[in-house]
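Remarks on the structure that follows.
Laboratory data are not the source of any read-out in this text; all were calculated from the coordinates shown. Predicted model, so just to flag it, every value in this text is computed and none were measured. With ideal geometry, Cβ positions are generated from the backbone for all residues, glycine too; neighbour counts draw on all protein chains shown.
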Amino acid sequence: MKKALLSFTLLFCAFISAQELTIPVKFLSSTKNTTERYIGTDAFGWEYTITDNEFRKQNDQKRLNYKSLSLGDIYRVDLQNPLQIVLFYKSFNTVVLLDNQLTETARFNFSDISQPIIAEAAGLASQNRLWLYDINTQQIGLYDTSQNSFKTITPQLNDGMKYYQSDYNYFYWISNSNQCYRVNLFGKVNPLGTVEDFDQLQFTAQTTVLFSKDNTLYLYNTETQSRKVVEIKEKSFKSFYYKEQILSIFTDNDITQYKITATE
């Protein structure tokens, strides 16, 4: 009897430990999706999307747009400052800066500088600078938009770059072997742990990411390598975006917003 009870207890504990921990979310709103690619939503409720390679900013009352016929496809958009939006046209090695009315304020072709580079990654940094990853040298650096010059700040990245994200003070990246790192403006590189294989990903804190895999969304700690399932209702989705406790889920038909507070 004791052996049977012990076996049952062990099986029960194994069953409980095997269950996925979850993160609850609060439904906020859902709107019909009429765009090809969802980029994000800012704190004022503006949605940013791309359709027919046209960058759009819209709310219930108004829509603004920007399109450059000469630069090819928009590869990446940096929305951290709605007053200075960064559009990265990777195939033309060019970044375009837009103001909050989507008026072009500056354009930088990195093939035209004194020591040309080929940008694989681009994002907004502080003090009129851009984060860039030069595929030629495999180094991260800072591009001074006023001096039209580039300075590398890291050693060569021997394991490549699978994903990147940046803010004013830090550039985060994940190597091809899923190792996570960040570098500050002075070139100090910090390892941040590892992440599981993913389809899409976004850093929400220094060692915390949201990532999707096979249409399931997870909150993951890169140091402890622990994860929780985010309890969204969508069984499949194209992309997601998180900012200031608002999680936006983009599907073929809808853009749904949830409130999620447990991101640490």
Exercise for the section: May I ask for the net charge around E196, where only other residues with Cβ less than 14 Å from the Cβ of E196 are counted and Lys, Arg are +1 while Asp, Glu are -1? Expected result: -1
Completion exercise
For the chain, whose charge dipole is built from +1 on Lys and Arg Cβ atoms and -1 on Asp and Glu Cβ atoms, the candidate among V209, T51, N184 with its Cα farthest towards the positive end is V209
Handout entry: Which of Y172, F27, N128, positive extreme of dipole for the chain (C-beta unit charges)
Key = F27
Completion exercise
Here the residues of segment 150-173 lying in the modelled label zone of N190, meaning backbone nitrogen under 16 Å from a point 7 Å along Cα-to-Cβ, are 165-173
Problem - Relative contact order for the chain, counting Cα pairs under 8 Å that sit 6 or more residues apart, in percent - result: 16
Exercise for the section: Report the equivalent ellipsoid semi-axes for the chain in whole Å, largest first, defined as the square roots of five times the eigenvalues of the gyration tensor built from alpha carbon atoms. Expected result: 37, 25, 14
Problem - Net dipole in debye of the chain [+1 Lys, Arg Cβ; -1 Asp, Glu Cβ; about Cα centre; nearest 20] - result: 560
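Mind putting a number on the dipole of segment 39-102 about its Cα centre? Charges go on the C-beta only, +1 for Lys and Arg and -1 for Asp and Glu, and I need it in Debye to the nearest 20. Spell out each step's value before the answer.
Values: 7 positive and 8 negative charges, 19 e Å.
So the magnitude is around 100 debye.
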Practice task
Using just the helices of the chain, give the 222 nm mean residue ellipticity in deg cm²/dmol: DSSP H runs with n ≥ 4 each add -39,500 (n - 2.57), and the total is spread over all residues, rounded to 500.
Solution key: -2000 deg cm²/dmol
Exercise for the section: Multiply the residue separation of K62 and K233 by 0.36 nm, subtract the distance between their alpha-carbon atoms, and state the gained length in nm to one decimal. Expected result: 58.6 nm
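What is the local net charge at S177, summed over the other residues whose Cβ is closer than 9 Å to its Cβ (Lys, Arg +1; Asp, Glu -1)?
Working: positive: K162; negative: D159.
Here the count lands on 0.
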Completion exercise
Counting Lys and Arg as +1 and Asp and Glu as -1 over every other residue whose Cβ sits under 13 Å from the Cβ of N33, the net charge comes to -1
